[in-house]
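*Asks:* This structure is in structure tokens; I'll ask about it shortly.
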Amino acid sequence: MNTTFVDVVEDVKQLSIEEKQELKDLIDSYLIEERRQEIYQNYQASKENLADGKLKFSSNLDELEEMLND
């Protein structure tokens, strides 16, 4: 099956209002779940960096600026 984005959009246009709303709700749920997964993966990477001593913390603005420029 080789469906293009345009084909999908055209198919969606043919749906009833109720079906479009259900599809929207499904897409919203999928996007939320993907974002949660992304946040979790970032959390896992941060934990690994912390364990490896790669994370640095400071409340000194000059040190923070230096860290950003490294």
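The values are calculated or read from the model by the stated rules, or taken from the named source; none is laboratory data. Please read these numbers as outputs of a predicted model, since none were measured by experiment. As a convention, Cβ positions derive from the backbone with ideal geometry for all residues, glycine included, and neighbour counts pool all protein chains shown. Each accessible area value is taken on the protein alone, full model and side chains, heavy atoms only, with ligands, DNA and RNA left out. Shrake-Rupley method; radii C 1.70, N 1.55, O 1.52, S 1.80 Å.
*Asks:* Using label points projected 7 Å from each Cα along Cα→Cβ, tell me how many nm separate Lys13 and Leu31, to one decimal.
*Replies:* 2.1 nm
*Asks:* Let me ask another. Going Cα to Cα from Lys24, which lysines come in below 26 Å? Please leave out same-chain ones fewer than 8 positions away.
*Replies:* Answer for Lys24, where 26 Å is the Cα cut-off: Lys13, listed by chain and number.
*Asks:* Let me ask you something else. Per residue, how much accessible area does the chain show when a 1.4 Å probe rolls over the protein heavy atoms, in square angstrom?
*Replies:* Result: 97 Å² of accessible area for each residue.
*Asks:* Still on this model: Just subtract the alpha-carbon distance of Lys47 and Asp70 from 0.36 nm times their residue separation and send over the number in nm, one decimal. Could you put the intermediate results ahead of the total?
*Replies:* Details: separation 23, 0.36 × 23 = 8.28 nm, distance 2.09 nm.
Net length gain for the segment: 6.2 nm.
*Asks:* Mean-square fluctuation check for the chain, GNM, Cα pairs under 10 Å: which of Ile39, Ile27, Ile17 is largest?
*Replies:* Of Ile39, Ile27, Ile17, the most mobile in the Gaussian network model is Ile17.
*Asks:* Next question. List the lysines whose Cα sits under 28 Å from the Cα of Lys56, skipping any in the same chain fewer than 8 residues away.
*Replies:* Counting by Cα, and skipping residues close in sequence, Lys56 has these lysines nearby: Lys47.
*Asks:* Given a 1.4 Å probe and heavy atoms of the protein chains only, how would you sort Leu50, Leu68, largest accessible area at the top?
*Replies:* Of Leu50, Leu68, the descending order of accessible area is Leu68, Leu50.
*Asks:* Starting from the Cα-Cα distance between Lys24 and Ile39, subtract it from 0.36 nm times their residue separation and give me the gain in nm to one decimal.
*Replies:* Answer, rounded to one decimal: 3.2 nm.
*Asks:* Using the Karplus curve 6.51 cos²θ - 1.76 cosθ + 1.60 with θ = phi - 60°, work out ³J(HN,Hα) for each residue of segment 55-60 in order, rounded to whole Hz, and write x for Gly and Pro.
*Replies:* The phi angles translate into 8, 10, 10, 6, 10, 7 Hz.
*Asks:* Among (1) 54; (2) 199; (3) 76, which is the computed volume of the Cα convex hull per residue in Å³?
*Replies:* Checked against the structure: label (2).
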